[in-house]
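Read the structure below first, then the notes.
Every number here is computed from the coordinates shown, using simple stated rules; none is lab data. Note that the coordinates shown come from a computational prediction; the quantities given were computed from them, not determined experimentally. Glycine gets a Cβ as well: all are built from the backbone with ideal geometry, and neighbour counts include every protein chain shown.
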C-alpha cells in the first residue's frame with residue numbers, strides 16, 4: 001500500500017514541490033499550511049506513515065507541533081522529519097528533543113529528500 | 001513542472017519582501033524592537049531557505065549574508081543603526097531585482113550584488129569592533145552529511161560496528177531495523193543482537209529500545225557512509241566504528257582470526273586470561289564464559305565476526321584464481337551418485353534400527369552425518385550466483401528499447417543470489433521472454449510516459465532473493481500495467497473464455513498464460529513470434545516453480561517467479577495413506593493437526609477445518625487417489641502453503657522428515673497432475689512426491705474432492 005505522508009509548510013512552493021517529488025515515487029501526500037491546521041487534521045486522518053514539517057510557521061511552529069503531536073496516542077511513534085535551513089544544528093537538536101525523527105536541510109535535491117524519506121518511512 | 005513551483009515561489013517571495021519593507025520602515029522609528037527584528041529575520045530566512053530549491057542560488061547566497069547580520073543584531077552582538085536600516089532596504093530591493101532577473105542576472109546586477117555584500121561585511125566589521133569580534137563563519141559542515149559520499153577509493157574494507165541505540169529512539173519514530181537494513185545495503189554485513197539487557201516480561205518497558213548490535217560489514221564505501229546511516233540518532237546512541245582490516249590483507253592471512261584474537265582486539269579479555277583458558281583443552285568460548293570473564297552474548301557476537309571474516313575471505317578466494325573448471329556432466333554424475341548414496345543410507349539406518357546392534361547403529365549414524373555433509377557440499381558446487389546471467393538481460397533491454405523506439409533501463413538487485421546451475425540455465429529463456437514482454441507491452445513510449453507524468457525513461461527491475469528453500473526472481477516494470485479490457489476482449493476472440501463470463505481481475509490477469517494468447521495489436525518482431533507466456537509458465541512449472549502476477553493499471557506490472565533452490569534432492573515429509581507412501585515437500589508444509597471425523601464442518605459442500613483461527617479447505621488424499629479401505633477414526637491433516645493460500649491434505653499417518661532424492665516420473669506419466677516425481681524409500685518401496693501447487697489448484701476447481709477429479713488429475 002502506498003505510504004501516506006503529511007506535509008506541513010507555510011510556503012505553498014515548498015509544499016507543492018515536495019508533493020510533486022513524492023507523488024512521482026508513488027507516495028500519497030496530504031498538505032497543511034501550518035502547525036495548527038495540521039494538528040486539527042491529525043485526529044481525522046488515519047494511517048499516516050510520515051510527517052514532514054517546516055519549523056518557522058505562523059499560528060503554530062513546527063517544534064510545538066511535534067510536541068503536541070507526540071501527545072496523541074496515534075502519533076507517538078510516527079516518524080516526523082523537520083525541514084530546516086539551520087545548518088548549525090540548534091534547530092535539529094530542538095526538533096529531536098521535541099520528538100522528531102530526523103531532519104532535512106534546505107535546499108535539498110529530490111534524491112536527497114527521497115533518500116531520507118526512505119530511510120525513516122519504509 | 002519546476003516552472004510552476006518557481007512562479008509560486010516568486011509570488012511568495014514578493015509577499016514576504018513587501019512585508020519586510022514595512023517592517024524595516026517601522027524599525028527606523030523603533031530601533032532595536034525585538035518583535036520587529038525577529039519578524040525581519042524570519043522573512044529573510046524563509047526567502048533564503050526556499051530560494052536555493054527553485055534555482056535562485058544567487059538570492060540564496062545574498063540573503064545568507066543579510067540573514068547573518070540580522071541574526072547578530074537580533075542576538076545583540078551587533079548594534080542596529082540608521083545606516084543598517086538603509087542598507088537593509090537596499091538589500092531588500094536588490095533581492096526583488098534578482099527575483100525578476102531569474103537565473104541569469106546580467107553583469108550590472110552581479111556588480112551590485114558585490115557592492116552590497118561588501119557593504120554588509122563592512123557594517124559587520126565596524127559593529128563588531130566593540131565586542132572584539134571575529135566575524136562568525138557560517139558552519140555548513142554538517143548540512144550535507146547525507147549527500148552522496150564519494151566512494152572512499154572503492155577498496156573493500158572490513159569494519160566492526162558496535163551500535164547501541166538510546167533507549168528512547170522508538171519514541172522519536174525511529175525504525176531501528178530499517179537502519180540495520182540500510183546498513184546491509186552498503187555491503188556484506190553480519191549483525192549480532194545483544195539481548196542481555198532485556199528484562200523479564202513483567203518488568204519490560206515495551207517502548208524502550210534495550211537491544212544493541214554488533215555488526216561486521218565488508219564495504220567499499222567509506223566510514224562516513226556507514227556512520228551516516230545513524231545520523232539522526234547519533235547524539236543519543238553509542239556508535240563505534242573500527243576498521244578490522246583491508247579485505248586484501250585478509251586474503252593473505254592463512255586463516256581467519258581466532259576467537260581469542262577477536263575478544264582481545266575488542267578489549268574484552270586480557271592476553272593472560274586467554275592463555276590460561278587455552279591451557280585447559282576445552283573450547284575457548286565455553287571456558288571463558290564459565291569463568292565469567294565474558295558473557296555468552298559477547299562470545300556469540302565474536303563468533304559471528306569470525307564466521308563473517310571467513311566468508312569474506314572465501315569469497316575473495318572464489319573470485320581469485322583458486323577455481324577449476326569441470327565439465328558439467330561430471331558434476332551431474334556426482335549428484336546422481338550422491339543421490340544413490342542418500343537412498344542407500346536410508347536403507348542402512350532402517351536395517352540398523354531393525355538389528356539393534358550398537359556397533360552397527362554407531363556406524364550408521366556416523367555415515368548419516370557424513371552423507372548429509374557430502375550432499376550439502378555437492379549441492380553447493382552446483383550453485384552459481386545468478387548475476388552472471390543478468391548482464392545478458394541488460395543487453396537485451398538496451399538493444400530492444402532501441403529497436404522499439406522506447407527508453408528503458410534495467411536495474412538489477414541480488415546478483416549474488418545462488419541457485420542450482422541447471423535451474424539458472426533453464427531460467428534464461430523464460431526471463432528473456434518476460435523482460436521482452438515488459439518492454440514491448442509494459443513500458444510506454446517516451447511521449448506517453450511524459451504525458452502520464454512519469455519519467456521519460458522506464459525502469460525494469462530484475463531482482464533475486466532467497467526465501468526459504470526457494471529463490472524469488474522478480475521482474476517489475478513501471479509501465480502501463482495490464483490492460484484488462486483488452487485481455488478480456490482477446491480471450492473472448494480466441495475462445496479462451498465464454499461470452500458473459502464474469503471474471504475477477506486476478507483471473508483475467510491469469511489469462512495471459514493461456515496457450516495461444518497474445519494481445520499486441522500488431523505482431524512486432526519482439527513478442528508475438530508464437531511463443532507466448534504459456535511457454536514461460538510451462539517452463540517454470542517444469543522447474544517446480546510458480547509464477548505470480550501483480551499489475552496495477554498505469555503503475556506497472558510485477559511478475560514473481562518462485563523457484564526451488566535445487567531439483568535433485570529435497571527435504572520431505574513422509575506420509576502414509578492406506579498402504580501407499582507420499583512425500584510432501586517440507587518447504588511447503590505449514591503444520592500437522594489431528595482430526596476426528598466428527599469435527600468436520602461442511603459449508604456449501606466444501607469441507608472446512610479451523611486452523612489457527614482460520615477456516616481452511618481440506619481434501620482427503622484417500623478419496624483423491626482412490627485408495628482402498630476405510631479411513632482410521634483419527635486421521636492427520638497436513639497443512640501446506642500452496643501458491644497464495646493454505647490447504648489441508650488428510651492422510652492416515654504422518655511418518656516424519658525424509659530426505660528425498662527426486663526421480664522423474666517418466667514420459668508415460670507426464671500429464672499426471674498433482675504429482676511431481678517419485679522417490680525410493682529405505683526399504684525399496686516407491687513413494688510419490690506431491691505437487692502441492694497443482695493439487696491445490698485442482699482441488700479449488702473441484703471443491704467436493706471427487707467429481708471432476710479425473711479431469712484434474714489427468715490433464716491431457
Per the 1/(1 + (r/R0)^6) rule, R0 = 41 Å and r from the Cβ atoms of residue B:403 and residue B:663, FRET efficiency to 0.05 is 0.40
Length gained, residue B:11-residue B:75, 0.36 nm per residue minus C-alpha separation, equals 20.0 nm
Zone reached by a paramagnetic label modelled 7 Å from residue B:119 Cα along Cα→Cβ, restricted to the range B:85-102 with backbone N below 20 Å, covers B:85-101
Simple SL model, points at 7 angstrom along Cα→Cβ for residue A:97 and residue A:2; separation in nm is 3.9 nm
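So between residue B:201 and residue B:548, what do we pick up on full extension, going 0.36 nm a residue minus the alpha carbon distance?
On the way: separation 347, 0.36 × 347 = 124.92 nm, distance 4.08 nm.
Going from the current span to full extension adds 120.8 nm.
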Each label sits 7 Å from Cα toward the beta-carbon; between residue B:337 and residue B:258 the label points are separated, in nm, by 3.8 nm
The FRET efficiency for residue B:379 and residue B:578, from their Cβ-Cβ distance with R0 = 45 Å and rounded to 0.05, is 0.85
For the range B:323-416, the convex hull over Cα atoms projects on average to an area in nm² of 9.5 nm²
With the label point 7 Å along the Cα-to-beta-carbon line of residue A:47 and a cut-off under 15 Å to each amide N, the hits in the range A:13-27 are A:27
Sorted largest first, the C-alpha extents of the range B:48-116 along its principal axes in whole angstrom are 36, 24, 15
Hydrodynamic calc, the protein assembly as shown: Kirkwood Rh from Cα pairs, then Stokes-Einstein at 37 °C with viscosity 0.692 mPa s, so D in µm² s⁻¹ is 101 µm²/s
Expected sort for B:575, B:326 with the fewest Cβ neighbours (10 Å cutoff) up front is B:326, B:575
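Arrange B:329, B:7 by Cβ neighbour counts within 10 Å, fewest through most, would you? Kindly include the intermediate steps, with their values, before the conclusion.
Working: B:329 8, B:7 12.
By the 10 Å Cβ count, ascending: B:329, B:7.
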Shielding of B:60-67 by other chains, given as the mean Cβ count within 10 Å, works out to 1
Most exposed first, judged by fewest Cβ atoms within 10 angstrom, B:588, B:498 run B:498, B:588
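Can you pull the mean other chain C-beta count within 10 Å for peptide B:40-52?
Mean shielding count: 4.
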Note: A:9-15 gets an average of partner chain Cβ contacts (10 Å, Cβ to Cβ) equal to 6
Two pseudo-spin positions, 7 Å from Cα along C-beta at residue A:73 and at residue B:327, lie apart in nanometres by 7.3 nm
